[in-house]
Amino acid sequence: KLIAPPLNESGIAQAKSLHTDLGGVHGVLRSVEAVIVSPLARAIQTAQGAFGHGPAFGNCTPPIRTHWVVTPLLRERMGAPCDEGRPKSELLAAMPEMADWEGVDDLAEHWWPTGFEWDLYDRIAELEAYIRSRPESTIALVGHGGLFTRILGYHLKNCGHQWAAWEADAPIAV
């Protein structure tokens, strides 16, 4: 059973390419005030790669400083065994940098659902409210295809990205 796998070599290469595609340390990522990420290891490693560190960059010191937030609101929709999470204690042991991230203290040890998620659209509404409540104006969300397909109305490829505006009390503008 493949549970919460980290990025494989192909995924690491895709995360590194995402960093380049977004302009590297001199590109648009410098304007990102917060990175909000799913607790699944592959999303965390993709986010780290986009920002120039993590496994894609030999776990070097992050060259782009920003505020990091982890929330299960961005988790995948439980469509396959790989969407099952790893306990918080295992995540922190594997990625000790997470200890300083916002949201870690509130993350339950077992933060993923155990079966089909009947209330996915309720979670999406909660995620949208959470984003709108944030003080930052430029936020990078790093999550999963199944979730973003339901938010955007189309599927993003691995390491795909889309700029969107979420104005207060307005629909998402892509």
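The values are calculated or read from the model by the stated rules, or taken from the named source; none is laboratory data. All of these numbers come straight from a predicted model, not from anything done at the bench. In this analysis, Cβ positions are derived from the backbone assuming ideal geometry, glycine residues included, and neighbour counts consider all displayed protein chains. The protein model used for the area step is the full one, side chains on, heavy atoms only, and it has no ligands, DNA or RNA in it. Shrake-Rupley method; radii C 1.70, N 1.55, O 1.52, S 1.80 Å.
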Which residue, Trp163, Trp112, Trp101, tops the fluctuation ranking in a GNM of the chain built on C-alpha contacts under 10 Å? Trp163
Among rounded, prolate and oblate, which fits region 90-155 when a ≥ b ≥ c are the square roots of the eigenvalues of its C-alpha gyration tensor, a/c under 1.5 means rounded, and a/b larger than b/c means prolate? oblate
Quick one: accessible area per residue over the chain, 1.4 Å probe, rounded to a whole number of Å²? 52 Å²
In a Gaussian network model of the chain with springs linking alpha carbons closer than 10 Å, the residue among Gly79, Gly54, Gly145 that fluctuates most is Gly79
Please report the spacing between the Cα centers of region 92-121 and region 28-66 in Å, no decimals. 17 Å
So how compact is region 1-119: Cα radius of gyration and Dmax in angstrom? 14.2, 42
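Going through region 1-93, which GluC sites (Glu not before Pro) have at most 15 other Cβ atoms within 10 Å and a DSSP loop state? Don't skip to the end; give the middle numbers.
Working: sites: Glu9, Glu33, Glu76, Glu84, Glu90; in loops: Glu33, Glu76, Glu84.
Those satisfying the criteria are Glu33.
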If you build a Gaussian network model of the chain, linking Cα atoms that sit under 10 Å apart, which residue out of Leu73, Leu40, Leu156 swings the most? Leu156
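Kindly sort Asp122, Asp106 by accessible area of their heavy atoms, largest first, with the probe set to 1.4 Å.
Working: Asp122 105, Asp106 140 Å².
Ranked list, largest accessible area first: Asp106, Asp122.
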Would you calculate, for the chain, the mean residue ellipticity at 222 nm contributed by helices, counting each DSSP H stretch of 4 or more residues as -39,500 (n - 2.57) and dividing by all residues, to the nearest 500? -9000 deg cm²/dmol
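Measure off, as a whole percent, the carbon and sulfur share of the 1.4 Å-probe accessible area of the chain, all protein chains present. Could the numbers behind the result be given before it?
On the way: 4770 of 9060 Å².
Percent of accessible area from carbon and sulfur atoms in the chain: 53.
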From the convex hull of the Cα coordinates of region 1-48, what is the mean projected area in square nanometres? 3.6 nm²
